[in-house]
Amino acid sequence: MKPVEFENGAVEIDASVIAEGLGLALPLLRQQMRAGQITSQSERGTDADSGRYRLTFFSENRRFRVVVDEGGAILQRSTLNFGDSPLPKSLRKPGG
């Protein structure tokens with residue numbers, strides 16, 4: 001599997017990419033995803049960003065964002081780490 005693939009309108013991203021971005025071991029990421037502690041958001045670009053997708057993943061104290069093109073190539077990655085503080089609710093909004 002490529003790191004990011006598109007199939008039938010759904011976006012699939014390799015879990016190891018998310019784990020690395022959130023600073024978690026892969027088994028812990030999977031456990032937290034099953035428990036609903038990791039949430040995500042997917043946005044499709046418009047106008048100048050047409051053909052791009054922004055995928056954002058949230059843990060208790062981190063936000064990991066990846067921008068990909070329609071071929072699945074990763075164009076940009078960024079992580080915000082709030083240390084011991086919980087992630088502010090305002091960062092869970094699109095474009096936050």
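Taken as a whole, segment 43-55 holds no residue that is surrounded by fewer than 17 Cβ atoms within 10 Å (Cβ to Cβ), free of Cβ contacts under 8 Å to residues at least 24 places away in the same chain, closer than 22 Å to Pro88 by Cα and small (Gly, Ala, Ser).
Among the residues of this structure, Leu91 counts as one that is modelled with pLDDT under 95 and aliphatic (A, V, I, L, M). Any residue at all in segment 81-95 that's in contact (Cβ under 8 Å) with a residue 12 or more places away in the chain, touching a helix residue (DSSP H, G or I) at 6+ places or on another chain (Cβ under 8 Å) and surrounded by 12 or more Cβ atoms within 10 Å (Cβ to Cβ)? No, there is no match, as no residue in segment 81-95 is in contact (Cβ under 8 Å) with a residue 12 or more places away in the chain, touching a helix residue (DSSP H, G or I) at 6+ places or on another chain (Cβ under 8 Å) and surrounded by 12 or more Cβ atoms within 10 Å (Cβ to Cβ). Tell me yes or no: at least one residue of segment 27-38 is open to solvent by 40 Å² or more (accessible area, probe 1.4 Å), of a type in the set (Gly, Ala, Ser) and over 21 Å from Ser85 (Cβ atoms). No, every residue in segment 27-38 fails to be open to solvent by 40 Å² or more (accessible area, probe 1.4 Å), of a type in the set (Gly, Ala, Ser) and over 21 Å from Ser85 (Cβ atoms). Would you call Gln37 among the polar types (S, T, N, Q), modelled with pLDDT of 90 or more, touching a helix residue (DSSP H, G or I) at 6+ places or on another chain (Cβ under 9 Å) and over 16 Å from Asp14 (Cβ atoms)? For Gln37, the condition - among the polar types (S, T, N, Q), modelled with pLDDT of 90 or more, touching a helix residue (DSSP H, G or I) at 6+ places or on another chain (Cβ under 9 Å) and over 16 Å from Asp14 (Cβ atoms) - is met.
The values are calculated or read from the model by the stated rules, or taken from the named source; none is laboratory data. Keep in mind that what you see is a predicted model, and the values were worked out from it rather than measured. Glycine gets a Cβ as well: all are built from the backbone with ideal geometry, and neighbour counts include every protein chain shown. Surface accessibility is based on the protein's heavy atoms, side chains included, excluding ligands, DNA and RNA. Shrake-Rupley method; radii C 1.70, N 1.55, O 1.52, S 1.80 Å.
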